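A quick write-up on the structure given underneath.
Every number in this text was worked out from the coordinates using simple rules, so none of it is lab data. Note that the structure is predicted; figures quoted are calculated from it, not measured. Backbone-built Cβ (ideal geometry, glycine too); neighbour counts: all protein chains shown.
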Amino acid sequence: MTEAPAPTAPPTVAPLPYHRLAHLEPRAARWWRPLTTVLVVLGLYLPAAVLAFVVLALATFAVPGIPMPSAEFEDPRNPVDIAVLFGSLALLVPAVVLGVRWGGGRRGTIHSVVGRVRWAMLLKAAAVVVPLYLALSWGLYLLDPAAESPAGRFDATLLVVLAVVVVLVPLQCAAEEYAFRGLPLQALGTWLRSPVWGIVLPVPLFMAGHGYDWVGQVDIAVFALCMGFLVWKTGGLELAIVAHTANNLAAMTIAPLDTDSLAQGAIDPVVLLMTVPTTLVVTAGMTVWVSRRHGLRPLEPLRGTGGPARPQ
């Protein structure tokens, strides 16, 4: 009687840093994959954004009580302006996730090195970082409130605006992290070993989406570099989404009380004395937290296999 062959162990996959996850599978690391990924992302996002804009425009005419948007979508007390600004960007989340899957041949690795969103990590960081940003921003605002602040105007419209902000701002921030950090890091990481390219090269594109003067652009550049580093270091988008959401939530909860808060243009250089150190300290704090939790050196990234072991 012959013995049954011992079951073979599933093949192991060497863990890789976030920007090199395409190389977990040869078919996903072909040179043309980043190009098809970007094309699919654009092919999904652009029609979806146009369709959403048309539906919202029709709703403003057909549904009583929905206000008309302002000319530049810059009124922080108009819920339609907020919905257009942040909702249109939020559509990038499914576009990027599906674009990486259909165009890049990868499933889940755009989120993190474990192939999914690490909700426990995200929520633990948010419990500290979001209150920190809110306290700093509101503390400074209360020390020097806007001259035209409509104190006491807590009406139904303001509640609707805040509800839209709470729902859409995290999605908008996640969308920008998927599009400006995750997608470029992994696309360039398919071709290049160094993560520096994927961290640095998308920065001008991120800056171009903001109409600030040089002071504001310095702040945007520092933020983009720190978020890119954080994605690479922590092996995923979660902590960058937390920092981005905390920053934008703090700004947008104040916006209805400051008529000029959404207008982009000249920025007082003194603002950099608060924003840049805050970004650097939060990035450093998250870096230390992840490094201690996983036993990593300061400049050593968290690695993973994108999920369960898979055949090569």
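Could you work out the longest stretch of the chain that avoids the GluC sites (Glu not before Pro) located in DSSP loops with at most 13 other Cβ atoms within 10 Å? It would help to have the intermediate numbers written out before the result.
Values: sites that count: GLU3, GLU72, GLU148.
Free of exposed loop sites, the longest segment is 149-312.
Taking every C-alpha pair closer than 8 Å and separated by at least 6 residues, the mean separation divided by the residue count of the chain gives a relative contact order of 31 percent.
One chain, two ends: LEU51 and ARG292. Fully extended at 0.36 nm per residue, the span grows by 82.2 nm beyond their Cα-Cα distance.
Only helices at least 18 Å long along their axis, Cα-based, and averaging -0.5 or more on Kyte-Doolittle count here, so list those DSSP H runs from the chain. Kindly include the intermediate steps, with their values, before the conclusion.
Values: long enough: 33-62 (43 Å, 2.02); 119-143 (35 Å, 1.71); 156-177 (32 Å, 2.06); 214-234 (29 Å, 1.35); 238-254 (24 Å, 0.98); 272-294 (33 Å, 0.81).
Long hydrophobic helices here: 33-62, 119-143, 156-177, 214-234, 238-254, 272-294.
Which FRET efficiency value, to the nearest 0.05, do you get for ALA266 and PHE73 by plugging their Cβ-Cβ distance into 1/(1 + (r/R0)^6) with R0 = 30 Å? Could the numbers behind the result be given before it?
Values: r = 20 Å, r/R0 = 0.66.
Efficiency, rounded to the nearest 0.05: 0.90.
Calculated from DSSP H runs of 4 or more alone, at -39500 (n - 2.57) each and per residue, what is the 222 nm mean residue ellipticity of the chain, nearest 500? Walk me through the numbers on the way to the answer.
Numbers: 11 runs with 181 residues, N = 312.
Roughly -19500 deg cm²/dmol at 222 nm, from the helical runs in the chain.
Projected onto its three principal axes, the C-alpha set of the chain covers 88, 46, 38 Å, listed from the longest axis down.
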